[in-house]
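One structure is given here, and the rest of the page talks about it.
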């Protein structure tokens, strides 16, 4: 059975996607090796990312501000890079579930705020 998830890109754009199994997660992230990104903020969802994203050339790394904030990079001093897939909480069988509408809306609102801050920073710094 397919599940709804969000793909969040480093530029804070996003899309709703259907996930059938781990291969769909890997495809949407665009990676060879995926990892579950630990949730240090007690958010009721799971996030998957590229386990090798920080191994590329430093100049080409695409930091993901939303994923980094979710992970708690200020406390743990570890940013998250690349696309991430966000799904609902793990159920009794150990499977990630679909994101419910309230959680999806909360994530999208946070992304919109972050995107505005990124655009303002780029304007201020002539990027």
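What the table below lists for this structure:
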| item | result |
| --- | --- |
| Matching residues in the stretch 47-72 - criterion: being closer than 19 Å to residue 6 by Cβ, surrounded by fewer than 19 Cβ atoms within 10 Å (Cβ to Cβ) and touching a strand residue (DSSP E or B) at 6+ places or on another chain (Cβ under 9 Å) | 62, 63 |
| Selection count where residues are in contact (Cβ under 8 Å) with a residue 40 or more places away in the chain and more than 17 Å from residue 25 (Cβ to Cβ), scope the stretch 68-103 | 2 |
| Top-ranked residue in the stretch 1-31 [being within 14 Å of residue 53 (Cα to Cα) and at pLDDT below 95; ranked as surrounded by the fewest Cβ atoms within 10 Å (Cβ to Cβ)] | 30 |
| Any hit, the stretch 49-64, residues being under 23 Å from residue 117 (Cα atoms), under 12 Å from the mean Cα position of the chain (by Cα) and not in a strand (DSSP E or B) | yes |
| So residue 113, is it at pLDDT below 85, assigned to a loop (DSSP other than H, G, I, E, B) and either farther than 16 Å from residue 9 by Cβ or over 10 Å from the mean Cα position of the chain (by Cα) (or both) | no |
| Matching residues in the stretch 73-87 - criterion: being out of contact with any strand residue (DSSP E or B) (no Cβ under 8 Å at 6 or more places or on another chain) and surrounded by 15 or more Cβ atoms within 10 Å (Cβ to Cβ) | 73 |
| Residue match in the stretch 20-37 (condition: assigned to a strand (DSSP E or B), in contact with a strand residue (DSSP E or B) (Cβ under 6 Å, 6 or more places away or on another chain), in contact (Cβ under 8 Å) with a residue 60 or more places away in the chain and closer than 16 Å to residue 2 by Cα) | no |
| Subset of the stretch 76-101 [at pLDDT below 85 and not in a loop (DSSP other than H, G, I, E, B)] | 76, 90 |
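The values are calculated or read from the model by the stated rules, or taken from the named source; none is laboratory data. Predicted model, so just to flag it, every value in this text is computed and none were measured. Every residue, glycine among them, receives a Cβ derived from its backbone with ideal geometry; neighbour counts consider all protein chains shown.
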